[in-house]
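The values are calculated or read from the model by the stated rules, or taken from the named source; none is laboratory data. The shown structure was predicted, so the numbers you read here are calculated from the model rather than taken from an experiment. Using ideal geometry, Cβ is built from the backbone for each residue, glycine included, and neighbour counts are taken over all protein chains shown. Ligands, DNA and RNA are excluded from the accessible area calculation, which covers all protein heavy atoms including side chains. Shrake-Rupley method; radii C 1.70, N 1.55, O 1.52, S 1.80 Å.
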Amino acid sequence: MKTKTLTLVSAILLLIITSNAFCQSTNLEKQILKGKELLYNAYLNYDEAAYINAYSVFERILSIEPENELATYYLTFTQYRLLVLALNRKDNDKFDKFFELALKNCEKLSTSEMLSIEGNVLKAAVYMMKLANTPMQAPTLSPVVNSILDKVLSSDSLCTRALLIKGMMDYNTPEFFGGSVKNAINRFNKAVAVFESEKSNKENIYPDWGYIETLAWLGQAYAKAEKIDKAKEIYEKALSVEPNFGWVRGFLLPSLTSNKN
Amino acid sequence: MKKLIKILVLVLLTAEIIFAQSITKISGSVSDEEGKAIPFVNIYIKDTFDGTMSGEKGEFNFETNKSGSLILLASMIGYNKYEKVLELNKGKNLNLKIVLSPEVIEMEETIVTGSSFSSEKEKGIVVTPMDIYTTPGGAGDVYQSLKTMPGVTQVSESAELYVRGGDPIETVTMIDQASVYHPFTYESAYGGLFSNLNTGSFKGLYFSSGGFSAKYGNALSGVLDIQTKDEPIISKFSFGLSLASVSLNGEIPFVENKSGIRFYSQQSFTKPLMWLNGELDRFSVTPRSRNILISNTNKYSATGRIKILGFYSEDKQGVNVERAEFNGIFNGNTENKFLNIQNTDILYGNIFIKNSLSYNSYANEWKLGILDLLKSDEVLKFRTDLEWSNSKSSKLLVGAEFENRTEKYIGTIPSEEYDIRPEGSGEEINAKLFGQRIGAYAEIEKSSLLNINNAFVVAGTRLDYIPQLNLNWIDPRFAIGYKINDNSSVKFAFGLFHQLPSSRLFSGSDGNPDLKPMSAVHFVASYDINFSDKNSLRIETYYKKYSNLPLENDVLNYDNAGYGYAKGIDVIIKGNLFSELEGWVSYGIIDTKRRWMEFDRLSSSSYDVTHNFTAVLKYRLSAFWQIGINYKYATGRPYNSVVGSEYHSDLKVYEPLYKNDNSARLPNYQRLDLRIMFFNQIFGKYFTVMYLEGLNILNINNLFGYSYNMDYSQKYEIKSYFGRRTIVLGSQINF
């Protein structure tokens, strides 16, 4: 009887300890999903603290698994987002630092079997931010961005994020340098169609960002082409997909309606 | 059953106690070396997910159930990663104070002296390669574009920089740490017309017209420091064609972002241009030149890079010259070779090092009448610069350079300046002047001076030594600035500057080997304001006192009794003036006098161009068309007037008699250049630009000087280089 009791107590103790260990397990996929969600919310709310929180998550994943390609990808993506913030805040020191880090990581991703295309899209996006920060380098950087995107689109013409970045280049490049709002609209529309044909899955750990962002840029392109009603329609569609989309709700749509008035 | 329940409760309680005792709480704060809290720092235990971010006040706390010897990491952009080994004992909480040190910043100029123009915003008024390319009348030349900046006086239409009353030799040009003493094409007694440096190869440039850092020595007035581009990212080429030249440039990466090659080549042939503009009669050989620059860069590590850059240029011209005693053809030929090997890397920790080994060989031949002179100049130089960022607010820079220079003059020069006839009297010269210069400097840059956040200082000194002449000098340099707010600042700079006079003045036969270096003290005060991202204003005042200038001496040939001064105010407004109109407007007023060389009293210096006004404006007419103007107005420069002549019956030639006081002035200088540009894309891919340019479009009769009849009783005007309206057509395609 005593032996049986002792065995029972040991087994229960062991069960509790082990289950505790499971609760605190390093489930990398869950961490990646956590980081993805932080990134998404940071984008919706233009929140630097949330971006840095996401950055911390991916850094920690990489400290456990330095070769984890998905974590490298998302860390690079976070660096890209932080580049945009630094550009808007005119913080050149931070911009230069994130640019250097993001480019280094893009080089790592270029050798990935799984993520080389997405990595190259990120690389083009990072160079595009550099171009936005130093327009005087347009003659050098503009061909670099376009060359990378053309290569991606030639191997995958429906790569949504490549279409988004290429559309942003068409939108922001002056006409005499080859920019075109018409081309931008076409590319954004194509990307939206592909996004809408894909099934959304919250448990997807692979890159799937860009849908609402593309809608926001499509709206801007329509506005630039003076198709105000169409722009409004697109902004409202973006808000129906994501009511908390701060950029559209707080800035793009109100600007559109106030300009119209 | 009751017994079993009791056992279960006991076990659960035990488990709870066990786990409670195995949780360790880690808390604390994160700050920088100055005690300022750093938010958003990622603090975690290595190889785990246990961690947190620091809050707004740098505070953090988190829990972990790990125990034993573990590594705590703290990371934040801009700071070195922090690591600490922790001994985690179950239930024993830890409180830590983490201090992060700033990461090394790659060596970038943070010079805060006034009088600087740079390609980077932090260093003051921005001059970009695009500004250089699109300055009408500038031919895409960096020197011609810098002449539109205040502080550079319009003494002539050459590319040489007359900086605040200084001779062009008082401004030094450097490329990737190497000195370039002859950066011009078509060098003649009247200066070089353009530079032989291709703007397309520039990554950045820094130009100062006074009060500059101790990094730069053997220069009295100014410095142009150029950094060339590094490894190319993608392959691209451009082809240019105009009435005066054809060019082909390209860049090819071998390994993306690691190594590659760049080349820039140009062949100029000005005959079509001269023919179109009715100028052919001025030349027996229309000016022609070719230059090529090739650089190979190899990034061998994350921080290390080697760049090998070489350029070769040659030019030729034959110009009809009319003088009082002789009409003839001036023939000039030049050949220039340059090679530089530069290495940059992190030496250790926060110490960044740059080294350069360079060689420059220049040969120039002038022929006019009895004058037949070959001049050569060979320079071998080694330079090293180290930078230590010991904190976010201070930097220590040290460096040294060794230069070996050999100049030769071989040929025949006229015995008398006024008699250059082929049958005139000449002197044979075969002079070789050589020497070394060893220089070293140390400088500290500090922001938050005396804990005043907006105050910054740069203090340095340099020592130069000339072994052959047993000469040495020490130049202290100092600058202090105060940021009034994010958009405006005031700066004060002063310093001592030394420079050796022209080597020919040290000649044993007609010079003085015991000459001392020339010196100048600069005082500069400036106010900068940025109205917006693109618009800026600078107002600057300066005073330069010259001493130890070479002065003719009846016994010694030359001594150092010469002196002088330059003082003035410069103003520049740059940016988007309104809507689609952008550009800059600059104005400078200067008063400069010297007593040196042949001057027998303190007189207006030859560079005393009192008022200098320039407006460079570009207006975008549409998405594809842009129009630009470059308007210059300058007071006529001083010259020695001829007051009579004396006939030498033995030589059968008249000698002009000058009033050696620069009391006469040429007529005021005015010139308007107009350029129309058309931008387009061919086949949707190849960016092209075509331009039509009118130089001196108003056909204003600007003078270069005067020539005289045989007895100097009548004078005739000599038009400047662009004394007549000149039309140029050109295009460039990028692919």
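Placing dummy labels 7 Å off each Cα toward the beta-carbon, the span from residue A:37 to residue B:553 is 8.8 nm.
Once the convex hull of all Cα atoms in the stretch B:29-91 is built, its volume per residue stands at 90 Å³.
Remark on chain B: Rg and Dmax equal 31.7, 144 Å (Cα only). What the stretch B:149-211 shows is 17 Å² of accessible area per residue, with the surface traced by a 1.4 Å probe over protein heavy atoms. Could you compute the FRET efficiency for residue B:484 and residue A:138, with r as their C-beta to C-beta distance and R0 at 41 Å, rounded to 0.05? Once the sixth-power term is evaluated, E becomes 0.80.
Quick one: divide the alpha-carbon radius of gyration of the stretch A:68-117 by 2.2 N^0.38 Å and tell me what you get. List each step's numbers first, then the result.
Values: Rg = 11.5 Å, N = 50, 2.2 N^0.38 = 9.7 Å.
Against the empirical 2.2 N^0.38 Å value, I get 1.18 for the stretch A:68-117.
If you average the C-alpha positions of the stretch B:136-211 and of the stretch B:362-392 separately, how far apart do those two centres end up, in angstrom? Using only Cα atoms, the two centres lie 14 Å from each other. Charge dipole (Cα centre; +1 on Lys/Arg Cβ, -1 on Asp/Glu Cβ; no other charges) of chain B amounts to roughly 2880 debye. Kirkwood analysis of the Cα pair distances in the stretch B:249-384 returns a hydrodynamic radius of 18.2 Å.
Considering only the other residues whose Cβ falls under 12 Å of the Cβ of residue A:87, what net charge follows from Lys and Arg at +1 and Asp and Glu at -1? Numbers along the way, then the final one.
Details: positive: A:81, A:89, A:90, A:94, A:130; negative: A:91, A:96, B:533.
For residues surrounding residue A:87, the net value is +2.
Accessible surface buried at the A:B interface totals approximately 3800 Å², computed with a 1.4 Å probe on protein heavy atoms.
Taking a straight Cα-Cα cut-off under 15 Å and skipping sequence neighbours fewer than 8 places away in the same chain, the aspartates and glutamates within cross-link reach of residue B:652 are B:325, B:416, B:417, B:419, B:423, B:711.
Summarised as an ellipsoid, the stretch B:378-504 has semi-axes of 46, 19, 11 Å, derived from the eigenvalues of the Cα gyration tensor scaled by 5 and square-rooted, with the largest first. Remark: the stretch B:433-491 is approximated by an ellipsoid whose semi-axes, taken from the C-alpha gyration tensor as √(5λ), come to 36, 10, 7 Å, largest first. Averaging the Cα positions of each part gives two centres, and for the stretch A:123-189 and the stretch B:261-291 these lie 39 Å apart. Estimated from helical segments only, the mean residue ellipticity of chain B at 222 nm is -1500 deg cm²/dmol, where each DSSP H run of four or more residues counts as -39500 (n - 2.57). In the assembled protein chains, residue B:653 presents an accessible area of approximately 10 Å² (probe radius 1.4 Å). Of the chymotrypsin sites (Phe, Trp or Tyr not before Pro) found in the stretch B:215-310, the ones in coil according to DSSP and having at most 13 other Cβ atoms within 10 Å of their Cβ are B:300. Among the DSSP helices (H) of chain A, those spanning at least 27 angstrom by Cα along their long axis with an average Kyte-Doolittle hydropathy of 1.0 or more are A:2-23; this is a geometric and hydropathy rule only. With Cα atoms as the point set, the stretch B:690-735 shows a radius of gyration and Dmax of 16.9, 60 Å.
Counting Cα-Cα pairs of the stretch B:415-457 in 10 Å increments starting at 0 gives whole-percent bin shares of 18, 17, 14, 12, 12, 14, 13, 1.
Note on residue B:416/residue B:269: beta-carbon distance plugged into 1/(1 + (r/R0)^6) with R0 of 35 Å gives a FRET efficiency of 0.40. Note on the protein assembly as shown: Cα-Cα pairs beyond 57 Å make up 24% of the total pair count.
Listed peptides B:646-652, B:546-552 appear in the order B:546-552, B:646-652 once ranked by packing, highest mean of other Cβ atoms within 10 Å at the front. To the nearest 10, the accessible area of residue B:423 is 130 Å² with a 1.4 Å probe.
All other residues with a Cβ under 10 Å from the Cβ of residue B:296 taken together, and with Lys, Arg as +1 and Asp, Glu as -1, what is their net charge?
Details: positive: B:262, B:307; negative: B:231.
It works out to a net charge of +1.
For residue A:36, list the lysines whose Cα falls under 16 Å from its own Cα; do not include residues on the same chain fewer than 8 positions away. Counting by Cα, and skipping residues close in sequence, residue A:36 has these lysines nearby: A:202.
Looking at the stretch A:173-254, what % of the alpha carbon pairs are farther apart than 18 Å? Working shown, then result.
Values: 1509 of 3321 pairs.
Of the Cα pairs, 45 percent sit more than 18 Å apart.
Partner shielding of B:616-627 amounts to 1, given as the average count of beta-carbon atoms from other chains within 10 Å of each residue beta-carbon.
Take every Cα pair under 8 Å in chain B that's 6+ residues apart, average their separations, divide by the length, and report that relative contact order as a whole percent. Numbers along the way, then the final one.
Details: 2069 pairs, mean separation 65.3, N = 735.
So the answer I get is 9 percent.
Cross-link partners of residue B:271 among lysines, defined as those whose alpha carbon lies under 18 angstrom from its own and excluding same-chain residues fewer than eight positions apart: B:316. A full extension of the chain between residue B:541 and residue B:454 corresponds to an added length of 29.1 nm, given 0.36 nm per residue minus the alpha carbon distance. Per the Debye calculation on chain A with a single equal scatterer at every Cα and no solvent contribution, log₁₀ I(q)/I(0) for q = 0.12, 0.15 Å⁻¹ amounts to -0.75, -1.15.
Across 10 Å bins from 0, what is the distribution of all Cα-Cα pair distances for the stretch B:484-543, in whole percents? Final binned percentages: 19, 27, 19, 16, 12, 6. Rounded to two decimals, the Cα-based Rg/Rh of the stretch B:597-735, with Kirkwood Rh, is 1.20. The alpha carbon convex hull volume per residue for the stretch B:459-601 rounds to 138 Å³.
Which length gain, in nm to one decimal place, applies between residue A:64 and residue A:197 when the Cα-Cα distance is subtracted from 0.36 nm times their residue separation?
Working: separation 133, 0.36 × 133 = 47.88 nm, distance 3.58 nm.
Here the answer is 44.3 nm.
Put A:136, A:168 in order of accessible area, largest first, 1.4 Å probe: what do you get?
A:136, A:168
Applying a threshold of 21 Å to the alpha-carbon distances of B:46/B:84; B:659/B:719; A:190/A:230; B:36/B:97; A:130/B:574; A:97/A:166 flags B:659/B:719; A:130/B:574; A:97/A:166 as lying beyond it.
Over all directions, what mean area does the Cα convex hull of the stretch A:127-221 project, stated in square nanometres? Could you put the intermediate results ahead of the total?
Details: hull surface 25.8 nm².
About 6.4 nm², averaged over all directions.
If you model the stretch A:113-156 as an ellipsoid using its alpha carbon gyration tensor, with each semi-axis the square root of five times an eigenvalue, the axes come out at 21, 11, 5 Å, biggest first. Hydrodynamic analysis of the stretch B:167-271 uses the Kirkwood radius over alpha carbon pairs. Inserted into Stokes-Einstein at 4 °C and 1.567 mPa s, it gives a translational diffusion coefficient of 82 µm²/s. Two numbers describe the Cα atoms of the stretch A:136-192: Rg and Dmax, which are 11.0, 32 Å.
Rounded to the nearest 500, the helix-only mean residue ellipticity at 222 nm of chain A stands at -25000 deg cm²/dmol, with each DSSP H run of n ≥ 4 adding -39,500 (n - 2.57). Accessible area per residue was computed with a 1.4 Å probe on protein heavy atoms; residue B:465 scores about 80 Å².
Out of every Cα-Cα pair that the stretch B:669-720 contains, those further apart than 15 angstrom amount to 66 percent. Protein heavy-atom surface of the stretch B:281-362, 1.4 angstrom probe: 55% of the accessible area is carbon and sulfur, with nucleic acids and ligands not counted.
When peptides A:95-103, A:74-82 are ranked by their average number of other Cβ atoms within 10 Å per residue, the highest-first order is A:74-82, A:95-103.
Relative contact order (percent) for the stretch B:547-586, with alpha-carbon contacts under 8 angstrom and 6 or more residues of separation?
Numbers: 45 pairs, mean separation 10.9, N = 40.
Relative contact order, the stretch B:547-586: 27 percent.
Suppose a student asked you for the relative contact order of the stretch B:469-517, using Cα pairs under 8 Å spaced at least 6 residues apart; what percent would you report?
Answer for the stretch B:469-517 is 31 percent.
How large is the convex hull of the Cα atoms of the stretch B:344-412 per residue, expressed in Å³ as a whole number? Please list the in-between numbers first.
Numbers: hull volume 6.9 nm³, N = 69.
Convex hull of Cα atoms, per residue: 100 Å³.
For the stretch B:147-197, GluC sites (Glu not before Pro) are listed when DSSP marks them as loop and at most 15 other Cβ atoms sit within 10 Å of their Cβ; the list is empty.
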